[in-house]
Amino acid sequence: MTSSFPGAQVVGRMAAVLRAVSSAMPRGASTADVARTTQLARPTVHRLLAALTAEGFCDHDNREGLWLLGPEMYLMGTVAAERYDITEIARDHVAALAEATGESAFLSVRRGDESVCLLRADGAFPIRSFVLYEGKRFPLGVASAGLVMLSFLPEAAMERYLAQNDLVPGHGIEHSVAALRERITQTRERGWAVNPGLIVQGSWGMGSAVFDKAGQPAWALSLTGIESRFAPERRKEMGELLLHHAHELSKKLRGETALPLR
């Protein structure tokens, strides 16, 4: 956490605490949970949470002993959505993916070195995967959405991320730099990313990048489901469908005319 100016450390700690609580929504997080996620001392975390709650940025469920995001976060998020939120534009694409495949479909956004799930729509297939849900955060390179966004970053940015982040302690040897490089190469060749049950065994995912006006992979559309639904021949079909919707959504965000949904 930076300390380049007075108060920066406190701001950084508060931001880390808010991200930790956000990641635990809608259930909420205990003080111990937040301390573990932020690697801050538990008394420090409790003081920060209490201060954030006094200002309305957090809320405390006294019965369960859990911290949640507060009303001020909702109000600020509503205002910020006017500039940053694309969920209304993307909603039809997410719904179309869920309907066409029967799987759960998602929109995620890149926020710094993380992917954050913004939107979910469930298809008709009755068995669900709940690895991903609104508000869930993963480091880039973890889960199909984070992998596809990392894969299509500019080369220098991708290399810098790999040099500065060790995902093995939190996500296993399958997320070593060597393993990530191999999956990045495969993702670039195909155009879409595949997560072959690396987070939860038997829960697969696929993702395609959505690009902003500057050509950066700012969002991703993805699908998740059980392994038996992701046979090789079906992966190709779903991958092409993801690419189609990601391309059309990227065009809409650039102000270009998009094709009708299919």
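The values are calculated or read from the model by the stated rules, or taken from the named source; none is laboratory data. What you are looking at is a predicted structure, and each value in this text was computed from that prediction instead of being measured. Heads up, the Cβs are rebuilt from the backbone with ideal geometry, glycines too, and the neighbour counts pull from every protein chain shown. Quick note on the areas: whole protein, heavy atoms, side chains included, nothing else; ligands and nucleic acids left out. Shrake-Rupley method; radii C 1.70, N 1.55, O 1.52, S 1.80 Å.
If you look at the Cα atoms of region 110-238, you get an Rg and a Dmax of 13.9, 42 Å. For region 8-86, the Kirkwood hydrodynamic radius comes to 12.7 Å, computed from all pairs of different C-alpha atoms. Mean residue ellipticity at 222 nm from the helices of the chain, using -39,500 (n - 2.57) per DSSP H segment of n ≥ 4 over the full residue count, to the nearest 500 deg cm²/dmol? Rounded to the nearest 500, the figure is -15000 deg cm²/dmol. Fraction of C-alpha pairs exceeding 23 angstrom in the chain: 55 percent, rounded to a whole number. For PHE125, put the label point 7 Å out on the Cα→Cβ axis and report which residues of region 236-252 keep their amide N under 16 Å from it. Of the residues in region 236-252, 236-242 have backbone N under 16 Å from the label point off PHE125. With the largest listed first and rounded to whole Å, the semi-axes of the equivalent ellipsoid of region 173-261 from the Cα gyration tensor are 25, 16, 10. Over region 1-138, what portion of Cα pair distances is larger than 19 Å, expressed as a whole percent? More than 19 Å apart: 58 percent of the Cα pairs in region 1-138. In the elastic network of the chain, a GNM with C-alpha springs shorter than 10 Å, the most mobile of GLU114, GLU159, GLU248 is GLU159. Taken along its three principal axes, the alpha carbon spread of region 72-170 comes to 41, 34, 24 Å, from the longest extent down to the shortest.
For region 62-130, the mean projected area of the C-alpha convex hull, equal to one quarter of the hull surface, is 7.0 nm².
At a probe radius of 1.4 angstrom, the accessible area of the chain per residue rounds to 52 square angstrom. Distance between the modelled labels on GLU134 and LEU243, one decimal in nanometres: 3.2 nm (7 Å Cα→Cβ projection). The simple spin-label model puts a point 7 Å past each Cα toward its Cβ; for THR185 and ARG42 those points are separated by 4.7 nm. Simple point charges give the picture: +1 on the Cβ of Lys and Arg, -1 on the Cβ of Asp and Glu, and for region 215-255 a dipole about the Cα centre of about 160 debye.
Long hydrophobic helices in the chain, taken as whole DSSP H segments with a C-alpha length of 15 Å or more on their own axis and mean Kyte-Doolittle hydropathy at least 0.0: 8-23, 42-54, 87-101. For the pair region 1-77 and region 127-202, the centres of their Cα atoms are 26 angstrom apart. Among 135-141, 41-47, sorting by the average number of other beta carbon atoms lying within 10 angstrom of each residue, highest first, gives 135-141, 41-47. For the chain, what does the relative contact order come out to in percent, with C-alpha contacts under 8 Å and a separation of six or more? It rounds to 14 percent for the chain.
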